[in-house]
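J.: I have a structure I would like to understand better, so I am pasting it below and will then ask my questions one at a time.
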Amino acid sequence: MAVRERAIARPIELMRPPTSLWRDAWNRLLRNKMAVTGGTFVLILLFCAAFAPWVAPYHYKDTDFRNTRKPPSWEHIMGTDKLGRDVFSRIIWGTRVSIVVAIVGSLTSLVIGLTYGAISGYIGGRVDNLMMRFVDVMYAFPTLLFIILVMVVLGPGLMNVFIAIGIVAWMGIARLVRGQFLSLKEKEFTEAARMVGARDIRIITRHLLPNSIGPIIIAITLRIPHLILVEAVLSFIGLGVPPPFPSWGQMVSEGWRGMKATPHLTIFPGLAISLTMLAFNFLGDGLRDALDPLMRGTS
Amino acid sequence: MLKYIVRRTFWLIPVLLMVSLITFTAMKLVPGGPFTREKPLPPKIRANLEAKYHLDEPTWKQYLRYLWNLLHFDLGPSYKYYGRTINDVMFGGGWLKAPASVSAQLGLIAVLVAVGIGIPMGIISALKQNTWIDYIAMFISMLGVSIPNFVLGLLLIWIFAVKLGWLPVARWGSPSQVVLPAITLGTGGTAFIARLTRASMLEVIRQDYIRTARAKGLKERAVIVGHALKNSLIPVTTVLGPLMAAWMTGSFLVEHVFAIPGIGKFFITSVVDRDYTLIMGTIMFYAVFLAIMNILVDISYAFIDPRIRYE
């Protein structure tokens, strides 16, 4: 088993051809129709976010005061808002917000959670106990209020919104990494590495970390819909992305007041948030199913 | 058992101290204060106001003063709602009408919906694994997990209140006004619990004791109800603690969308208004509620699974 686990980390060192467990997992993922659909949708989102100016038929700021609050038509497939801006184009531009929050939020929570969990799990003992009690304390805060508090402390600025969201989401990763490290550091291959004189930092980066990467990927992917949701909620309240740059939550909130006459202004951005979350959830679920057999027996 | 409960309750004290300390520190780092206006107050008035609320004292003294008052269940005066105390703002208005009570009622109903639908849905899904019933149930629950509740709430209002006119659009008080917000709040949890129950049930029915129960000739129904059900409920019980705490202390979004007079709004407005005592009050209330729920969950484990004992 230890040999196979090494193989995950460095396939090159393996004697037999690397039909590695990663490839098996990849194949399992491709067989999962829901995960493939979700993954494809995520790729489309990434594409839209990267090439928004070319994908969107109009600019998000383009106003047309002769055509305000128009229902969907051939010219504007999702209609226009109160300033005559094309809803479809604004949704395309809005993918940038959701993708950036997914990336920055994940990275922030990953950096904090990984460092914290790794230290806690690797040192163990009293330090570990104390550090985990602090995680318990962090869990006792109401998420939304705490995010807003952190946001206000960090000051205005779009990046700070994303970082605040990440700062509040690190505890799950920390617990996960700590659990992985606690069990992995007792394994024979870690002992063997220590025996030949590997230093702590090498054991952590070469042995413990690569073997925890699967569960971390799963946890991050399953966390992304939550990050996107929190941004949507903040923008819905009016504390997230400042207008005129479009965010889906902000569009829902702008459309809401006129829901009776112009439901399309609420429904399309709402649909965009829901579909994006659905896609990430399917992808995360598929990743877990694909990677889980690989992790079986290692933790 | 009693010893365990007492120990857990004592453990609450350092946790709550930490929570209050972190909040207090964060609050003091926030730029601006409750008396910061677009048009600045005359310095004299400002000084008087700050003296009245002890804001001119050093921070550590303010913190200790707050703790001392908290010990007497006094959450202090509100800076935003002039002349009212936080106790009054959150808990005033009688048993049924108090904002905290309204939030708790809505939250409890949503929890009952989530448990009442989610658990049976998960069990049926697990027992019919890989049939179309399972696929449909799991697809629906995936949708439920993915739709943000403010989007769902607006959609429900649009369909059932605006288009069909069956239910009232908003406000709180009559039973018909409970339906839409309860569904809105409960859907995500229902879906989550269904998925959790299914996963846990699938694991339990592969255990040896289930095979034994079947081998001794028990009917399938008796196997599931008598042997599998209770054990599969442990993970569900675990999430019920945080879930109840989050829902019963008020959901900002649902209360916002349906104009419900609960305490959910304070989770946002308190920070926006820099109403220091209200921020503290809301966070402390949430933390205490969460802690109590988690203790109750731990106690309930012992009833669900006799193998779990607390010494």
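J.: Go through region A:247-270 and count every residue that is out of contact with any helix residue (DSSP H, G or I) (no Cβ under 7 Å at 6 or more places or on another chain) and facing chain B (nearest Cβ under 8 Å).
T.: Qualifying residue count, region A:247-270: 1.
J.: Can you find even one residue in region A:236-246 that is at the interface with another protein chain (Cβ under 9 Å from one of its Cβ atoms) and within 15 Å of the chain's Cα centre (by Cα)?
T.: no
J.: Which one of these does B:M248 not meet: (1) touching a residue at least 60 places away in the same chain (Cβ under 8 Å); (2) surrounded by fewer than 15 Cβ atoms within 10 Å (Cβ to Cβ)?
T.: Among (1) touching a residue at least 60 places away in the same chain (Cβ under 8 Å); (2) surrounded by fewer than 15 Cβ atoms within 10 Å (Cβ to Cβ), B:M248 violates only (2).
J.: Is it the case that some residue within region B:102-111 is buried (at least 19 other Cβ atoms within 10 Å of the Cβ) and among the polar types (S, T, N, Q)?
T.: Within region B:102-111, one or more residues are buried (at least 19 other Cβ atoms within 10 Å of the Cβ) and among the polar types (S, T, N, Q).
J.: Of the residues B:L154, B:L67, B:L96, B:L71, which is touching a residue at least 40 places away in the same chain (Cβ under 8 Å), away from every other protein chain (no Cβ under 14 Å) and either more than 27 Å from A:T276 (Cα to Cα) or over 19 Å from the mean Cα position of the chain (by Cα) (or both)?
T.: Details: B:L154 fails: away from every other protein chain (no Cβ under 14 Å); B:L96 fails: touching a residue at least 40 places away in the same chain (Cβ under 8 Å); B:L71 fails: touching a residue at least 40 places away in the same chain (Cβ under 8 Å).
On inspection, the qualifying residue turns out to be B:L67.
J.: I'm checking my understanding of the structure. Among residues of region B:67-94 that are in contact with a helix residue (DSSP H, G or I) (Cβ under 6 Å, 6 or more places away or on another chain) and not in a helix (DSSP H, G or I), which one is farthest from B:F289 (Cα to Cα)?
T.: B:Y81
J.: If you don't mind, another one. Could you grab me the full set of residues in region B:145-159 that are aliphatic (A, V, I, L, M) and outside any helix (DSSP H, G or I)?
T.: Matches in region B:145-159: B:I147 only.
J.: Let me ask something else about it. Would you confirm, using the coordinates I've provided, whether B:V239 is over 25 Å from B:L75 (Cα atoms), more than 9 Å from chain A (Cβ to nearest Cβ) and hydrophobic (A, V, I, L, M, F, W, C)?
T.: Yes.
J.: So which of A:M78, A:M34 ends up being within 14 Å of chain B (Cβ to nearest Cβ) and farther than 20 Å from A:V230 by Cα?
T.: Of A:M78, A:M34, the one residue that is within 14 Å of chain B (Cβ to nearest Cβ) and farther than 20 Å from A:V230 by Cα is A:M34.
J.: Inside region B:170-186, can you point out the residues that are among the β-branched types (V, I, T) and without any contact (Cβ under 8 Å) to a residue 60 or more places away in the chain?
T.: The one that is among the β-branched types (V, I, T) and without any contact (Cβ under 8 Å) to a residue 60 or more places away in the chain: B:V179.
Each row is one residue, and each column tells you yes or no for (1) touching a Cys at 6+ places or on another chain (Cβ under 6 Å); (2) modelled with pLDDT under 90; (3) among the hydrophobic types (A, V, I, L, M, F, W, C).
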site: A:L83; (1), (2), (3): no, yes, yes
site: A:S89; (1), (2), (3): no, yes, no
site: A:S106; (1), (2), (3): no, no, no
site: A:Y116; (1), (2), (3): no, no, no
site: A:I119; (1), (2), (3): no, no, yes
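J.: Kindly establish whether B:I86 is closer than 21 Å to B:D273 by Cβ, buried (at least 16 other Cβ atoms within 10 Å of the Cβ) and in contact (Cβ under 8 Å) with a residue 40 or more places away in the chain.
T.: So B:I86 fits the description; yes.
J.: Next question, about the same structure. Give A:I218, A:I267 a once-over and let me know the one that is under 27 Å from A:A164 (Cα atoms), surrounded by fewer than 23 Cβ atoms within 10 Å (Cβ to Cβ) and of a type in the set (A, V, I, L, M, F, W, C).
T.: A:I218
J.: Hey, can you tell me all the residues within region A:231-251 that are closer than 22 Å to A:V168 by Cβ and part of a helix (DSSP H, G or I)?
T.: A:E231, A:A232, A:V233, A:L234, A:S235, A:F236, A:I237, A:W248, A:G249, A:Q250
J.: Looking at region B:3-37, which of the residues that are within 15 Å of B:T59 (Cα to Cα) and of a type in the set (A, V, I, L, M) is farthest from the other protein chains (Cβ to nearest Cβ)?
T.: Among residues in region B:3-37 that are within 15 Å of B:T59 (Cα to Cα) and of a type in the set (A, V, I, L, M), the one farthest from the other protein chains (Cβ to nearest Cβ) is B:L21.
J.: Same structure, new question: Quick one: what pairs do we get from region A:254-276, first residue closer than 21 Å to A:L45 by Cα, second hydroxyl-bearing (S, T, Y), C-beta under 7 Å, 6+ apart or different chains?
T.: A:S274/B:S146; A:T276/A:S98
J.: Picking from A:T266, A:T221, which residue would you name as being within 17 Å of A:V104 (Cβ to Cβ), in a helix (DSSP H, G or I), among the polar types (S, T, N, Q) and touching a Leu at 6+ places or on another chain (Cβ under 6 Å)?
T.: Every option except A:T221 fails the conditions.
J.: From A:V230, A:V196, which residue is under 30 Å from A:S120 (Cα atoms) and within 11 Å of another protein chain (Cβ to nearest Cβ)? So that I can check it myself, show each step before the final result.
T.: Working: A:V196 fails: within 11 Å of another protein chain (Cβ to nearest Cβ).
Being under 30 Å from A:S120 (Cα atoms) and within 11 Å of another protein chain (Cβ to nearest Cβ) holds for just one of A:V230, A:V196, which is A:V230.
J.: Can B:N231 be described as more than 9 Å from chain A (Cβ to nearest Cβ), in contact with a Pro (Cβ under 8 Å, 6 or more places away or on another chain), part of a helix (DSSP H, G or I) and among the polar types (S, T, N, Q)?
T.: On the way: more than 9 Å from chain A (Cβ to nearest Cβ): yes; in contact with a Pro (Cβ under 8 Å, 6 or more places away or on another chain): no; part of a helix (DSSP H, G or I): yes; among the polar types (S, T, N, Q): yes.
So B:N231 fails the test.
Quick grid of which residues meet (1) within 11 Å of chain A (Cβ to nearest Cβ); (2) outside any helix (DSSP H, G or I); (3) in contact with a Ser or Thr (Cβ under 9 Å, 6 or more places away or on another chain); (4) aliphatic (A, V, I, L, M):
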| residue | (1), (2), (3), (4) |
| --- | --- |
| B:L243 | no, no, no, yes |
| B:E255 | no, no, yes, no |
| B:A259 | no, yes, no, yes |
| B:G262 | no, yes, yes, no |
| B:I268 | yes, no, no, yes |
| B:I279 | yes, no, yes, yes |
| B:Y286 | yes, no, yes, no |
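J.: Is there any pair with a first residue in region A:136-152 that is closer than 18 Å to B:D273 by Cα and at the interface with chain B (Cβ under 8 Å from one of its Cβ atoms) and a second that is among the polar types (S, T, N, Q) and outside any helix (DSSP H, G or I) whose Cβ atoms are under 9 Å apart and which are 6 or more apart or on different chains, and what are they?
T.: A:P142/B:T249
J.: Do we have A:R126 as under 24 Å from B:L16 (Cα atoms), without any contact (Cβ under 8 Å) to a residue 60 or more places away in the chain, more than 13 Å from every other protein chain (Cβ to nearest Cβ) and assigned to a helix (DSSP H, G or I) here?
T.: Values: under 24 Å from B:L16 (Cα atoms): yes; without any contact (Cβ under 8 Å) to a residue 60 or more places away in the chain: yes; more than 13 Å from every other protein chain (Cβ to nearest Cβ): yes; assigned to a helix (DSSP H, G or I): yes.
Taking the combined requirement at face value, the residue satisfies it.
The values are calculated or read from the model by the stated rules, or taken from the named source; none is laboratory data. If you're wondering where the values come from, they're calculated on a predicted model, not measured in any experiment. Cβ atoms come from the backbone with ideal geometry, glycine included; neighbour counts cover every protein chain shown.
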